[in-house]
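Chemist: Shown below is the structure under consideration.
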């Protein structure tokens, strides 16, 4: 057990960028912990997401040359990214303070974690996707279909597995991620399941208006997200489809009933959700798609997959029948689920089908669950 000094529990959070752990840092600070967020996110930018300046320990100054090499000089270079990761890991390990609990993004930090654990800190790893070996298996299978898909490099696998060994606990967002760890014999008592939150102030039910689209999908347009199935299902049904996000590894159709919008600021996403009847997200591998919670908050019926967090969401809400889960990754299964979801849209009206459960999907609720977990493991 950690012997804590008098005063607040000290928590260091390590991340290469903002991600969800910036929100976690903000919420743990609200819960009364002494939080320091180590990343290359400038303190001024972190403040825009509600993180107090006293919590930010930005390493942007010392990491700027490595980021310049990775993102400007040698863009998309694996070795440049590896170089930056190793530099950030070493510098964070040297510069961060001693703490009671260290929370770190998986695959990005090893030296830092070994160093802080040696000093007596509890280590919690943040893993947003399936166990690395299961994730690699899925992406390797997709690469046979689409050679340009980026699979998981061996060095990433080694770093992930080494991190799993160092960690006292691994925080995961969904049931299918938990099952992937159990499949690889990871101790269940070391897993902390905590679904991600959403800023419900940005997303809410819209007044009844005529919809321009039948279906909407938000996020990277890729084979991994099941977008090949969306293409065929939309062509078969002739429905109007809207995609908002980046094009990754799959060509976007030029058919008249397909519309693409490049990535937009999160604050503008609600406007696009309100233009559609149903949200579709047949991802083959997604820890917990936060876009699902956004669509839910906007009261859109959902078509999801077993591997995207939708089953977890279905268990949390008041009217779970408005979330349809496909039983297999086929066009037939997608079409059946879409038909059911469109019927749900006709019945749903203006009453939020999440009910009071929406309160459990906020970042505040996410942070409160995390705070209780930290207090329990330290006691």
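Chemist: Could you tell me whether residue 57 is in a strand (DSSP E or B), outside the structural domain of residue 248 (by TED's automatic domain parsing) and touching a residue at least 40 places away in the same chain (Cβ under 8 Å)?
Modeler: Judged against the criteria, residue 57 is not a match.
Chemist: Among (1) at pLDDT 95 or above; (2) under 23 Å from the mean Cα position of the chain (by Cα); (3) closer than 25 Å to residue 335 by Cα, which single condition is residue 224 missing?
Modeler: (1)
Chemist: If I filter the range 124-146 for residues that are under 28 Å from residue 58 (Cα atoms), without any contact (Cβ under 8 Å) to a residue 12 or more places away in the chain and surrounded by fewer than 15 Cβ atoms within 10 Å (Cβ to Cβ), do I get at least one hit?
Modeler: Looking through the range 124-146, none of the residues is under 28 Å from residue 58 (Cα atoms), without any contact (Cβ under 8 Å) to a residue 12 or more places away in the chain and surrounded by fewer than 15 Cβ atoms within 10 Å (Cβ to Cβ).
Chemist: Quickly run through the range 350-363 and pick out the residues that are touching a residue at least 60 places away in the same chain (Cβ under 8 Å) and surrounded by fewer than 16 Cβ atoms within 10 Å (Cβ to Cβ).
Modeler: Matches in the range 350-363: 350 only.
Chemist: Mind listing whichever residues of the range 223-243 are assigned to a loop (DSSP other than H, G, I, E, B) and free of Cβ contacts under 8 Å to residues at least 60 places away in the same chain?
Modeler: 238, 240
Chemist: Next up: Collect the residues in the range 128-143 that are closer than 20 Å to residue 15 by Cβ and in a helix (DSSP H, G or I), keeping them in residue-number order.
Modeler: Correct list: 132, 135.
Chemist: In the range 244-261, how many are assigned to a loop (DSSP other than H, G, I, E, B) and over 24 Å from residue 209 (Cα atoms)?
Modeler: Restricting attention to the range 244-261, the residues satisfying the condition of being assigned to a loop (DSSP other than H, G, I, E, B) are 245-246, 248-257.
Now restrict to residues that are over 24 Å from residue 209 (Cα atoms): 246, 248-255.
Number of matching residues: 9.
Chemist: Here is a further query. Within the range 329-379, which residues are touching a strand residue (DSSP E or B) at 6+ places or on another chain (Cβ under 8 Å) and outside any helix (DSSP H, G or I)?
Modeler: 362, the sole residue that qualifies.
Per-residue answers, yes or no, for (1) part of a strand (DSSP E or B); (2) free of Cβ contacts under 8 Å to residues at least 60 places away in the same chain; (3) surrounded by 19 or more Cβ atoms within 10 Å (Cβ to Cβ):
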site	(1), (2), (3)
25	no, yes, yes
37	yes, yes, yes
63	no, yes, yes
80	no, yes, yes
87	no, yes, no
91	no, yes, no
94	no, yes, no
97	no, no, no
103	yes, no, yes
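Chemist: While we're here: Report yes if some residue within the range 313-332 is outside the structural domain of residue 50 (by TED's automatic domain parsing), surrounded by 18 or more Cβ atoms within 10 Å (Cβ to Cβ), in contact (Cβ under 8 Å) with a residue 40 or more places away in the chain and under 17 Å from the mean Cα position of the chain (by Cα); otherwise report no.
Modeler: yes
Chemist: Next up: Only one of these is at pLDDT 95 or above and out of contact with any helix residue (DSSP H, G or I) (no Cβ under 7 Å at 6 or more places or on another chain): 134, 189. Name it.
Modeler: When all the criteria are applied, what remains is 189.
The values are calculated or read from the model by the stated rules, or taken from the named source; none is laboratory data. The structure presented is a predicted model; accordingly, all values stated were derived computationally and were not measured. Reconstructed Cβ throughout: ideal geometry from the backbone, glycine too, with neighbour counts over all protein chains shown.
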